[in-house]
Amino acid sequence: MAKMVLDQVETLRDDMVQALTEMCKIPAIAPESDGKGEVKRALFLMDLLKEEGFDHVAMVRAEDDRVPEGYRPNIVVSIPGKEQELRPIWIVSHMDIVPEGDRDLWKSDPYDPIIRGGRLIGRGVEDNGQALIASLYAAKALQNLGMRPKRKVKLAFVADEEVGSTYGIKHMVKMGLFKKGDLIVVPDAGEPDGNAIEVVEKSHLHFRVVTKGVQAHASRPHKGLNAFRAASKFVARVTDLLYEKFDECDELFSPPYSTFEVTKKEPNVPNFNTIPGEDVFHMDCRILPTQSIDFILDFIRDVARKVSKETGAFITLEDIKYNLAPPATPPDSQIVKHLQVAIKKVRGVDAKPVGIGGGTCAAFFREKGLPVAVWETVEEKAHEPNESIIIDNLVNDAKVFALLYLM
């Protein structure tokens with residue numbers, strides 16, 4: 001039976017590529033990123049679902065007056081299963097994408113995907129188009145064979161994942177659509193060979209470092225206090241000390257340690273011959289769940305006080321934001337075991353439970369005590385110029401989902 005299902009998925013290869021290509025011609029960008037939301041893409045998908053013969057389709061709206069239609073769309077596709085007493089399996093993918101960024105870095109139109117060398121290239125094809133289309137056509141393969149899933153399958157195509165999930169997953173969780181005992185897969189992270197199933201995330205800490213000195217002419221540094229120099233001294237010291245002090249390792253994660261990185265640098269002065277009186281940069285920290293964010297922040301503030309005393313500048317942490325890692329999905333949970341079996345049959349690899357430093361909307365499920373597995377086969381080209389997927393990965397992921405629906 002498995003071979004028959006896998007062969008049927010293979011016959012849908014061209015349909016999958018065509019559907020993903022057409023969907024990715026429709027931008028679905030949040031208003032925070034100067035977009036108009038996901039409604040046009042959602043309507044395309046509603047039409048596609050109707051054409052492909054899916055009868056049980058509902059749109060869950062979240063009001064948002066910042067977009068032209070006044071709402072953000074979430075689509076739920078329900079496919080009846082043979083054993084009604086079993087809780088459903090959910091595949092949760094997102095419709096929204098990030099903007100294309102600098103178009104000069106693209107070798108083709110980001111919103112007119114092209115095939116080149118076995119790849120499909122375009123904005124959103126990986127994040128999260130591959131997963132969405134794979135989950136849909138896995139169900140289509142069973143439908144073509146006249147087969148019903150073992151348990152009810154529910155496909156959720158959600159809004160707003162890229163900028164916080166307020167109008168997407170959070171909205172749906174608040175509505176009580178997900179219940180205890182549901183099996184949930186969020187296909188939004190993975191490895192190139194599909195051998196990693198994410199079951200836990202690191203905590204995430206982000207803040208701005210503001211350094212205040214005294215502005216002066218570059219030829220008269222004795223009359224000023226160079227905020228950039230003081231900030232640079234702080235950066236060099238605090239990052240070295242953080243990696244040295246908080247060096248605990250957990251091999252479940254890659255990398256297996258907490259990370260403390262300087263990221264965005266904000267402009268200070270507009271001209272080259274002025275000593276800046278203020279300097280601002282950002283830090284992004286991904287912290288193992290066993291380590292205390294409060295303790296780490298206290299440590300960073302202590303380093304800032306010492307560097308301030310040494311340099312005469314005033315260094316503060318501002319706009320501190322953090323997300324604590326929710327409890328991990330048990331590596332021996334039912335959904336992880338089912339995925340491991342399906343991945344082994346399709347890809348021939350032994351997928352292992354892992355932790356990641358990035359954030360996915362799986363965290364919102366785990367916060368509610370709902371075990372969830374994050375898995376797909378990707379090369380991590382999301383958000384990059386010339387974002388692409390390997391078409392074979394699209395098809396093979398659909399095969400994994402199709403087998404999963406039968407478990």
State all residues of the stretch 287-329 that are hydroxyl-bearing (Ser, Thr, Tyr) and under 22 Å from VAL374 (Cβ atoms); if no residue qualifies, say none. THR290, TYR322, THR329
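Among MET23, MET4, MET59, MET16, which is surrounded by fewer than 18 Cβ atoms within 10 Å (Cβ to Cβ) and within 25 Å of the chain's Cα centre (by Cα)?
Values: MET23 fails: surrounded by fewer than 18 Cβ atoms within 10 Å (Cβ to Cβ); MET4 fails: within 25 Å of the chain's Cα centre (by Cα); MET16 fails: surrounded by fewer than 18 Cβ atoms within 10 Å (Cβ to Cβ).
The match here is MET59.
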Between residues in the stretch 329-356 that are closer than 16 Å to VAL199 by Cα and touching a residue at least 60 places away in the same chain (Cβ under 8 Å) and residues that are of a type in the set (Asp, Glu) and surrounded by 18 or more Cβ atoms within 10 Å (Cβ to Cβ), which pairs lie under 7 Å by C-beta distance while being six or more apart or on different chains? VAL354/GLU198; GLY355/GLU198; GLY355/GLU201; ILE356/GLU198; ILE356/GLU201
Determine whether the stretch 146-155 contains at least one residue that is under 30 Å from GLU32 (Cβ atoms) and in the same structural domain as SER78 (by TED's automatic domain parsing). yes
Qualifying position, being assigned to a strand (DSSP E or B), basic (Lys, Arg), touching a Phe, Trp or Tyr at 6+ places or on another chain (Cβ under 8 Å) and in contact (Cβ under 8 Å) with a residue 60 or more places away in the chain, among LYS154, LYS150: LYS154
Residue selected from the stretch 208-232 under the condition assigned to a helix (DSSP H, G or I) and either outside the structural domain of LYS264 (by TED's automatic domain parsing) or out of contact with any Ser or Thr (no Cβ under 7 Å at 6 or more places or on another chain) (or both), by the criterion surrounded by the fewest Cβ atoms within 10 Å (Cβ to Cβ): HIS222
Residue under question is ILE26, and the condition is that it be of a type in the set (A, V, I, L, M, F, W, C) and part of a loop (DSSP other than H, G, I, E, B); does it hold? yes
Residue check, PRO73 against (1) within 18 Å of MET172 (Cβ to Cβ); (2) without any contact (Cβ under 8 Å) to a residue 60 or more places away in the chain, all met but one. Which one? (2)
I'd like to know if the stretch 375-382 contains one or more residues that are assigned to a strand (DSSP E or B) and hydroxyl-bearing (Ser, Thr, Tyr). yes
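Somewhere in the stretch 242-261, is a residue on the phi < 0 side of the Ramachandran plot, assigned to a strand (DSSP E or B) and among the acidic types (Asp, Glu)?
Yes, the stretch 242-261 has at least one match.
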Which members of the stretch 171-194 meet the condition of being within 16 Å of VAL76 (Cα to Cα) and either aliphatic (A, V, I, L, M) or not in a loop (DSSP other than H, G, I, E, B) (or both)? HIS171, MET172, VAL173, LYS174, MET175, LEU177, LEU183, ILE184, VAL185, VAL186
Determine which member of the set PHE54, PHE44 is modelled with pLDDT of 95 or more and either within 22 Å of the chain's Cα centre (by Cα) or in a loop (DSSP other than H, G, I, E, B) (or both). PHE54
When LEU317 is evaluated against the numbered criteria (1) surrounded by fewer than 20 Cβ atoms within 10 Å (Cβ to Cβ); (2) in contact with an Asp or Glu (Cβ under 7 Å, 6 or more places away or on another chain); (3) among the aliphatic types (A, V, I, L, M), which criterion, by number, is the only one it fails? (2)
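The values are calculated or read from the model by the stated rules, or taken from the named source; none is laboratory data. Just so it is clear, the structure is predicted and the values come from calculations on it, not from any experiment. In this analysis, Cβ positions are derived from the backbone assuming ideal geometry, glycine residues included, and neighbour counts consider all displayed protein chains.
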